[in-house]
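The values are calculated or read from the model by the stated rules, or taken from the named source; none is laboratory data. These figures come from a predicted structure and were not determined experimentally. With ideal geometry, Cβ positions are generated from the backbone for all residues, glycine too; neighbour counts draw on all protein chains shown.
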Amino acid sequence: MTVARPFVAFVTAATAGIVENLFNPKAMNNKISPDLSCPVDACCDGINCSPEEHRHHHTFFEKLLGGFRFAFFDLWGDLAGWFLVGLLLAGLITVLIPDDLFGKYLGSGLPAMLLMLAVGIPLYICATASTPIAAALILKGISPGAALVFLLAGPATNIASLTVLTGVLGKRATAIYLATIAVSSVFFGLAVDQVYGSLGLSPLATIGQASEIIPKWAGLIGTLIIVFMSTMPLFSRIQKHFKPTVAHIDHSHEDRLAPLHRPESADCGPT
């Protein structure tokens with residue numbers, strides 16, 4: 001699954017881009033202006049400072065530190081909330097849904113793929129949150145291929161993104177985008193099930209066993225680090241939300257009344 005997910009995502013994205021170019025050759029002539037602003041400390045905007053000049057503004061250590069700062073604080077700050085939602089939903093699925101529900105009624109095959117497609121397309125969920133949910137579904141009897149369909153369709157599509165895509169790219173491009181994701185995810189989902197079946201692999205015996213290769217002390221340290229990284233952005237958002245705002249005072253009337261309250265000087269008597 002770790003190999004299949006990025007591979008299928010790459011093939012699906014490339015296919016959607018190629019199909020869009022085939023149906024809209026004029027778009028290939030449009031030039032795209034890349035963002036050349038400095039990602040380290042915003043010292044250059046990329047317009048008045050050329051990339052050759054900006055290349056000498058920061059040392060390798062500063063660039064490396066900027067990358068780690070973005071990955072561990074900025075990026076994870078955006079993902080922490082979704083990751084918490086995914087863990088909560090995965091826990092609810094694990095506890096509330098009977099173990100033999102999906103396996104007995106809808107475990108594998110094309111019906112399971114179509115159901116995961118119907119659930120994943122309108123659902124608003126990110127790639128990070130969909131991972132523990134897919135793992136919980138596999139534990140409940142969903143085939144790896146059906147879980148792969150959910151992993152691809154869930155993060156790539158939702159009602160909000162489809163609305164934005166329709167307004168930005170147009171109806172034709174949105175239809176090609178959605179059709180490519182649907183067809184590719186179902187096709188590769190069936191292929192993944194065939195691979196599992198031909199190799200005799202059981203996903204139920206694989207899920208949850210990867211933690212055994214990591215020492216307990218390393219897992220504990222990693223847990224504490226993730227908890228610390230996750231609580232910092234959440235606390236900052238809560239603090240920012242409940243931080244009292246200072247009311248704006250209009251001082252314009254004071255300027256108009258200032259001549260009437262001007263103090264009398266020593267060489268000027270009262271009028």
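Worth a mention:
- Considering segment 113-143, and only residues there that are surrounded by fewer than 17 Cβ atoms within 10 Å (Cβ to Cβ) and not aliphatic (A, V, I, L, M), the residue that is farthest from the chain's Cα centre (by Cα) turns out to be PRO122.
- Complete set of residues in segment 129-142 that are closer than 18 Å to ALA191 by Cβ and assigned to a loop (DSSP other than H, G, I, E, B): ILE142
- Given (1) under 28 Å from ILE18 (Cα atoms); (2) modelled with pLDDT under 85; (3) not hydroxyl-bearing (Ser, Thr, Tyr), index of the condition ILE133 fails: (1)
- Among the residues of segment 1-13, those identified as surrounded by 12 or more Cβ atoms within 10 Å (Cβ to Cβ) and in a helix (DSSP H, G or I) are ALA4, ARG5, VAL8, ALA9, VAL11, THR12, ALA13.
- Scanning segment 168-181 for residues that are touching a residue at least 12 places away in the same chain (Cβ under 8 Å) and farther than 14 Å from LEU151 by Cβ yields ARG172, ALA173, THR174, ILE176, TYR177, LEU178, THR180.
- Checking the stated criteria, VAL227 turns out to be assigned to a helix (DSSP H, G or I) and at pLDDT below 85.
- If the condition is being among the aliphatic types (A, V, I, L, M) and either more than 22 Å from MET1 (Cα to Cα) or outside any helix (DSSP H, G or I) (or both), then segment 143-185 contributes ILE159, ALA160, LEU162, VAL164, LEU165, VAL168, LEU169, ALA173, ALA175, ILE176, LEU178, ALA179.
- Output for segment 131-148, where each listed residue is in contact with a Phe, Trp or Tyr (Cβ under 8 Å, 6 or more places away or on another chain) and either outside the structural domain of SER198 (by TED's automatic domain parsing) or among the β-branched types (Val, Ile, Thr) (or both): ILE133, ILE142
- Whenever a residue of segment 218-244 is farther than 15 Å from TRP76 by Cα, its partners that are in a helix (DSSP H, G or I) and at pLDDT below 75, lying with C-beta atoms within less than 8 angstrom and at least six residues away or across chains, give the pairs GLY219/SER211.
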